[in-house]
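All of the numbers you see were taken from the coordinates with simple rules; none came from a lab. Since the model is a prediction, treat every value here as computed from it, not as a measurement. Note that each Cβ is placed from the backbone with ideal geometry, even for glycine, and that neighbours are counted across all protein chains shown.
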Amino acid sequence: MKSSALKRAGRSAVIPLITVLTAFVLAGLVMLVTGNDPLSSYGAIFDGTGLNWLFPWVSGHNRTIAAQDLQQTLVAAAPLVLTGLSVAFAFRVGLFNIGAQGQYTVASVIAVWVGTVFTSMDPVIHIVLAIFLGALVGAGWAALAGWLKAAFGAHEVISTIMLNWIAIWVASYLFQEGGPLQGTQALGNPVSNTIAGNLHLPVIWGNPELQGLDVGVFLALIVAVLYWAIIRRSTLGYEVRAVGHNPTAATASGMNVARSYIVTMAICGAFAGLAAGIDVFGWEFQVSSTTISTSQVGFLGIAVALLGRNTAIGTVAAALLFGALETGTAAINLNPSSINPELAPQLTLIIEGLVVLLVSTDLIALRLLGLPRKLGWGKPQAATARGDALAVDDPARDPAEALRPEPGL
Amino acid sequence: MTDQTPVLELRAITKRFGPVVANDRVDFDLQAGEVHALLGENGAGKSTLMSVLYGLYSPTSGEILVDGEPVRIGSPGDAIAHGIGMVHQHFMFIPVMTVTENIVLGSEPVKRGSGAALGVLDRRASRRRVQELSDRYGLAVDPDARIEDVSVGMQQRVEILRALYRNARILVLDEPTAVLTAQEITELMAVLERLKADGTAIVFISHKLGEVLEIADRITVLRRGRSMGTVPRAGATEQSLARMVVGRDVIFRVHKDAAQPGRTILSVEDLHVRDDRDLEAVRGASLTVRAGEIVALAGVDGNGQSELVQAITGIREPTAGRIAVDGTEIAGRGVRAATAAGIAHIAEDRHRVGLVLPFTLAENLALRRYRQPPLSRHGWLNLKAIRELAVRLVEAFDVRGGGPDSPASALSGGNQQKLCVAREIDSDPKLLVAHQPTRGLDVGAIEFVHSSLIEQRDAGKAVLLVSLESEEVSALADRVLVIYGGRIVAEFPPDVSDEELGIAMTGGAAAAA
Amino acid sequence: MSIAAPLTPKQGESERLSTVLTTKRVGLGGAALGLIAWILPLPPVLARSPWPSIALGLLAALAGAFVVLDPKHRRLGGVTIFFGLVAIPLALAMTNQSAANVSQVFTWSAVIASGLTFTTPLLFGALGGVISERSGVVNVGIDGMMLMGCYFSVWGAYATGSWVLGMLIGMLSGGLLALVHAYFSIHLRSNQVVSGMAINFLAYGITGYLLVAQFGNNGTPGTVPTVPNLVLPVIKNTAFFGVAFGRTNVLTWAALLLVPVIWWFLFRTRAGLRLRAVGEHPMAASTVGLRVLATRYAAVTVSGVLAALGGVYLADGFDGSFNFQMTDGRGFIALAAVIFGKWNPVGALGATILFGFSSALAYRMETFSATLGTLFQALPYVLTLIAVAGLIGRSRPPAADGVPYVKE
């Protein structure tokens, strides 16, 4: 019993690790081919993440700067946990939520707007209200895709992507020069009003002036626990998983598949909306058309969820990795003598693409290790008739466990 | 006959899937102009053997000889090249394409001249050749109809034509009668006689003793992947074949006492239901089932059974009519209302409808009642209670192959069905709807399901059995209703003859009425 | 039904009326009224009062409301209501503007020229999508393959000094990336949506990385040879057609020409029949000896080449420069056009024209106000959303689209 649980845990950690390593090696090859030194580049990126703070005996870097970098890594990881959970939750019901970016965007618009009006409100209530309303609108934005799927059969991949672009353009419109929500002090810049200092989330580590670590990270962890509880311990999660695995059987058991799609998407949207809330009140304090069109938090959530295999703990770990990558490759944290700071963020995209590509099939990792036989994953099941051979569904192999191929995209 | 070189010979074919041996050193040979039947239960390895022959599976070991020469058949293309044609049990068609397109697909006539290089289809030539073949063998088809719009019988004729179009000398028919009406079966037998006379060698796969004795020249029996020997038709009887098939004398009937029907539990009145294609599948069906009786609904597949069951169990909303369970009206109120009113449902397709395969046994067993205490309270699951339920049911219903925490996909078909039966019976229903509850099961599992249904009846439950197997109907029913064209067209006592039942199932009674 | 009993005159009349005024026709008529309501305030009519449009719009909405009551035609009814109601604010907005402004935006010849510009990359992408999905492989990676075409056509033209070679290099890059998608989704049986998304990220990263690595921080030089426009000798001097079609890019004509070519290929050739068979029912295709995997590989690769051509146009069809992620999600709109166009090249053309022209109008709207111009950028995406949700109706994808094929 114990050992099989250990084996399971081991199995689910080993494959993502191999995946990440392979992605780094392949990206390193790209650097090598284009005349960059992968080792010193990765070294510079590692120093940029602040993770060297944990290993003071290895790196001779300035402890203060390392600490600041690490704070930034954690600040970047917190919203990724939430957008990752947003994508992961949808996977559980068999939907592909590519719309976390749009849900994040609408929520940040609402959060910053609420945060900059009602100035006489009690600060705590004000923050909670703004973040809550942001999450609510994010939920509604996502539920729209769920409803389109449930009512019209519109594929959520298309509709969430369209909702992303709609959100991005509408938000850009709102904050741009002459736009209705442009800040009164913005003076030609496409920026919202700024949230007052007493409404900032408290910083628990580091200097508030230098984007120290705020309490948003706790919110992310709480939501991760909540995610686990919903999936594993609630009737809602049970229904979501049943619908994800087999909507026909779920219907026959009295579950309402359409409702599941809408409710699930709403929860996804709320998660992504919370990510926007902690970003806006944690360190951004204002929203601009530029940040809206360049933000990648929602898209990165896809890679986070896939790498984290849709589990709460995996998602947190994957978010840390991608948060570190984001921070490490940010131009400002890099030593330009090792790698061109313009180049590094592109490297993140390549690594992200490779990770998603590799987790889309675990076969590579498995073949490399010859694992299938050891773990008893040989030919799945006995097949006595041709039909049976096709019907076999081995969830262990599919990273998006419940994501069924569905005709029509 | 034996001194001729067989057109086809399989020598010691073995096919393994992981640890499971689907075929174990099977020998089989076929002469020109004979029908050689391959007989065996579901899962005996008949289809696997033929898939090996047709290049869909590669054998683990063994040898295939065509006209005495060893050949390698690595793909269906190779099989076709050696003159082997296959009529699949589940027809292999592109539903949205026409009859002609399906027949010529893979060796399409192309236009001559510049068209040949580009591979431009010669649609007129295709159509002409299909028509010629159709006329020659008396296999009537509509060359321009889409496959999805033609009857199952015509689809089968198209499959045969497709093999003939490719000049097949060896024709394999995999359970060809399973989907046909009595009339269509007669026609098929005539076509096979004609082909035989023409020198075509035919492999006839079946698990029905009667029709094998009718058409076959020789009979080979498979049991659990092994050949039990080949016998000529002369001298073979149903009893002797049955012994070879199951390895013991078959208990064809489960013991049951006379029914003692009580009050009416299910009453369906003038029910109308539309199917997925928005066509009216159930057209004014009325029926009642009383406590303590098994009512069998017999009929050829596709006459509205599925839609009727879905309406009764709340999965599908009827367009008109009434459904009442013990006085509670449930039509169109959904699955939960039906369950609350006391309906349990052993689904037709356990993989698709009955179970969530990746779920554990415990999770599957909770599917009916996860919303009620003690399994959950205020939206939170009680994992301990769910596990206890599973432990109890796995024990009580002797589900083997896994514990409460193993996924349902790990179980064999029979044990999966036990799981479904356990869950439904344990919900203590007033009405148990069993839709083809023994499909694809072996004899032992069939006995279990049958005796479970009778136990439920004797415990005073109403049982509605929907079955396509007339044997099952006559073994279990206290009353037999016949559904045809979405209506209940006849009612018989359980001892109705197969002829009478067959006539009613194919619309004879409706015409008479 | 000539043997039906003779009808009394009155009965006959109502019978005739009800056959002429079927719900479907009421709906279509309503939608047409709604369209007229849209067009009235625009050139050449240029009505200066909103009232005719408002009246027609309301009428259309009314017709839609009638149609929506029939459960069989709910979608049609919904669309008609939508058409009618949107016409009203539109008419108010248009008549509120000066006639000169309206004429400037809606100079139809220029709208056509600009619309074709926006349509071309979408059309290439959608045609690629049609080929891939007809063979049974969902290609969410169109955007990435398009972006590869963007970068490598510019780089190729820069390196070789020839736009033809640049174009070929661009096509090759899209095909190579498509091969990666093919390998993962066909061979390794990855989830095709996931693999396609990965392809996109990969393309964003690769092109961005190479841009910086090869051209430094200042971007592409902007002096590379570009794909030329086709100057039509006589037509270029005519007033209307000259502006609309006189100087259209070679690739735009190529895209338009590809529509009938691909239609003919899919529905009239042996290879096309086989490709469709593989996408509908690979098992059946395999049992008649077709090579499922090879067919799918070929289709996905061609799909990548076509998508890349869209990218070639986007980058090297204009000023020959490349920017980070310059496709702006056009690949996804192309994907939506595949669905909206019912997996048919001609349908895809219709869908991409709708999206292309709405984009063109959005850009031209900036004449009114730069602010509103930005808002209108969302229009093609809104249209796509409505199209995917409402207008597809009963369209049916290839049955095995997106489902990996397991041979044994």
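The table that follows gives values for the structure above.
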{"quantity": "Globularity ratio of region B:1-154, using Cα Rg and 2.2 N^0.38 Å", "calculated": "1.24"}
{"quantity": "In Hz, Karplus ³J(HN,Hα) per residue of region A:259-275 (6.51, -1.76, 1.60; θ = phi - 60°; x = Gly, Pro)", "calculated": "5, 4, 4, 5, 4, 4, 4, 4, 5, 4, x, 5, 4, 5, x, 4, 4"}
{"quantity": "Share of alpha-carbon pairs per 10 Å distance bin for region B:94-163, given as whole %", "calculated": "22, 51, 22, 5"}
{"quantity": "Scattering profile of chain B at q = 0.11, 0.12 Å⁻¹ [log10 I(q)/I(0), Debye over alpha-carbon scatterers]", "calculated": "-1.07, -1.22"}
{"quantity": "Sum of side-chain charges, B:Val335 neighbourhood, beta-carbon under 12 Å (Lys, Arg +1; Asp, Glu -1)", "calculated": "+4"}
{"quantity": "Anisotropy class of region C:161-260 from Cα gyration tensor, a/c 1.5 cut", "calculated": "oblate"}
{"quantity": "Estimated [θ] at 222 nm from DSSP helical runs (n ≥ 4, -39500 (n - 2.57)) normalised by residues in chain B, nearest 500", "calculated": "-9500 deg cm²/dmol"}
{"quantity": "Whether region B:352-428 is rounded, prolate or oblate, judged on the alpha carbon gyration tensor where a/c under 1.5 counts as rounded", "calculated": "prolate"}
{"quantity": "Relative frequency of Cα-Cα separations exceeding 21 Å in region B:127-223, percent", "calculated": "32"}
{"quantity": "Average projected area [Cα convex hull, region B:245-349], square nanometres", "calculated": "8.7"}
{"quantity": "Amide H partners (placed H, <5 Å) of B:Leu171, local residues excluded", "calculated": "B:Gly85, B:Ala201, B:Ile202, B:Val203"}
{"quantity": "Three-way shape label, chain C, alpha-carbon gyration tensor, a/c 1.5", "calculated": "oblate"}
{"quantity": "Protection proxy ranking of A:119-131, A:226-238 - average other beta-carbon atoms within 10 Å, highest first", "calculated": "A:226-238, A:119-131"}
{"quantity": "Descending Cα extents along the principal axes, region C:10-104, whole Å", "calculated": "53, 26, 17"}
{"quantity": "Cα centre as origin, Lys/Arg/Asp/Glu Cβ charges: chain B dipole, Debye", "calculated": "1420"}
{"quantity": "Expected 222 nm ellipticity per residue - DSSP helices of 4 or more, -39500 (n - 2.57), all of chain C, to 500", "calculated": "-22500 deg cm²/dmol"}
{"quantity": "Residue pairs, from the table B:Lys46/B:Lys430; A:Lys149/C:Lys24; B:Lys111/C:Lys24; B:Lys46/C:Lys342; B:Lys208/B:Lys430; C:Lys24/C:Lys342, whose Cα atoms sit over 31 Å apart", "calculated": "B:Lys46/B:Lys430; B:Lys111/C:Lys24; B:Lys46/C:Lys342; B:Lys208/B:Lys430"}
{"quantity": "Relative contact order [Cα under 8 Å, 6+ residues apart], region B:270-405, whole percent", "calculated": "15"}
{"quantity": "Ranking of A:Leu274, A:Leu148, C:Leu361, A:Leu17 by count of other Cβ atoms within 10 Å, fewest first", "calculated": "A:Leu17, C:Leu361, A:Leu148, A:Leu274"}
{"quantity": "Rounded tilt (10° steps) of B:123-137 against the dominant C-alpha axis of chain B", "calculated": "80"}
{"quantity": "For B:His378, B:His82, C:His181, order by how many other beta-carbon atoms lie within 10 Å, fewest first", "calculated": "B:His378, B:His82, C:His181"}
{"quantity": "Computed over chain C: relative contact order in percent, which uses C-alpha pairs under 8 Å that are six or more apart", "calculated": "24"}
{"quantity": "Neighbour-count order for A:Trp169, C:Trp108, fewest beta carbons within 10 angstrom listed first", "calculated": "C:Trp108, A:Trp169"}
{"quantity": "Shielding by partners, peptide C:180-189 (average Cβ within 10 angstrom, other chains)", "calculated": "3"}
{"quantity": "Degrees between helix C:292-316 axis and first principal axis of chain C (Cα, 0 to 90, nearest 10)", "calculated": "90"}
{"quantity": "Antiparallel content of DSSP bridges confined to the protein assembly as shown, in %, to 5", "calculated": "60"}
{"quantity": "Over 17 Å [Cα-Cα, region A:114-220], rounded percent", "calculated": "68"}
{"quantity": "Rounded tilt (10° steps) of C:51-68 against the dominant C-alpha axis of chain C", "calculated": "90"}
{"quantity": "Orientation-averaged projected area, Cα convex hull of the protein assembly as shown (nm²)", "calculated": "57.5"}
